[in-house]
1. With respect to the numbered conditions (1) farther than 26 Å from Met69 by Cα; (2) at pLDDT 90 or above; (3) surrounded by 15 or more Cβ atoms within 10 Å (Cβ to Cβ), which one is the sole condition not fulfilled by Lys132?
2. Would you tally the residues in region 116-129 being assigned to a strand (DSSP E or B) and farther than 18 Å from Pro71 by Cβ?
3. Working only within region 77-116, note down all residues that are modelled with pLDDT of 60 or more, surrounded by fewer than 18 Cβ atoms within 10 Å (Cβ to Cβ), under 15 Å from Arg54 (Cα atoms) and not polar (S, T, N, Q).
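The values are calculated or read from the model by the stated rules, or taken from the named source; none is laboratory data. A quick note: this is a predicted structure, and the numbers were derived from the prediction, not measured. Neighbour counts run over all protein chains shown; Cβ positions are idealised from the backbone, glycine included.
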Amino acid sequence: MTTALVALALVPLGCNSKDRAVEVSGKVEFNGQPLKSGLIHFEPADGNGASGARSIDDGNYEFGENSQMQPGEYRVSIRAVPSDSDLDADAAMNQGPQPRFIDPIPKKYNDHTELTAKVTAEGPNTFDFDLKSK
């Protein structure tokens, strides 16, 4: 009985692969060139769970292990942002107050995104996106 209790005490409660944050990273190109500056947003496809946004710098983005990204299906939105902009991830993705800027990225990659990603507990979770203006 004591052995069973010790074994149970060593099993973390509520800690399955769905509860563990995973790293997600990748590259974003626009018309064959790394996207100089932008934002990428991962939103759970089923609408349940937390979403996350990160900046894109010289075509690269990364959600580290502290980002709380969970395994699952995501809709992915990408926006270009001038590097000298005051625009932040929350304002861009939630349509909050924004400085004037016409995003060259077509709406099929942001407002009406067709992009998806399947994040897994096993990884690797590297998602590269090659966006085209037409």
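1. Condition (3) is where Lys132 drops out.
2. Kept after step one, since they are assigned to a strand (DSSP E or B), are these residues of region 116-129: 116-119, 126, 129.
From what is left, the residues that are farther than 18 Å from Pro71 by Cβ are 129.
Going through region 116-129 one residue at a time, the tally reaches 1.
3. Within region 77-116, just Pro82 meets the criteria.
To keep it simple, each residue is scored yes or no on (1) modelled with pLDDT of 95 or more; (2) under 17 Å from Asp128 (Cα atoms); (3) among the aliphatic types (A, V, I, L, M); (4) touching a helix residue (DSSP H, G or I) at 6+ places or on another chain (Cβ under 8 Å).
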| residue | (1), (2), (3), (4) |
| --- | --- |
| Leu8 | no, no, yes, no |
| Gly14 | no, no, no, no |
| Val24 | yes, yes, yes, no |
| Gly49 | no, no, no, no |
| Arg54 | no, yes, no, yes |
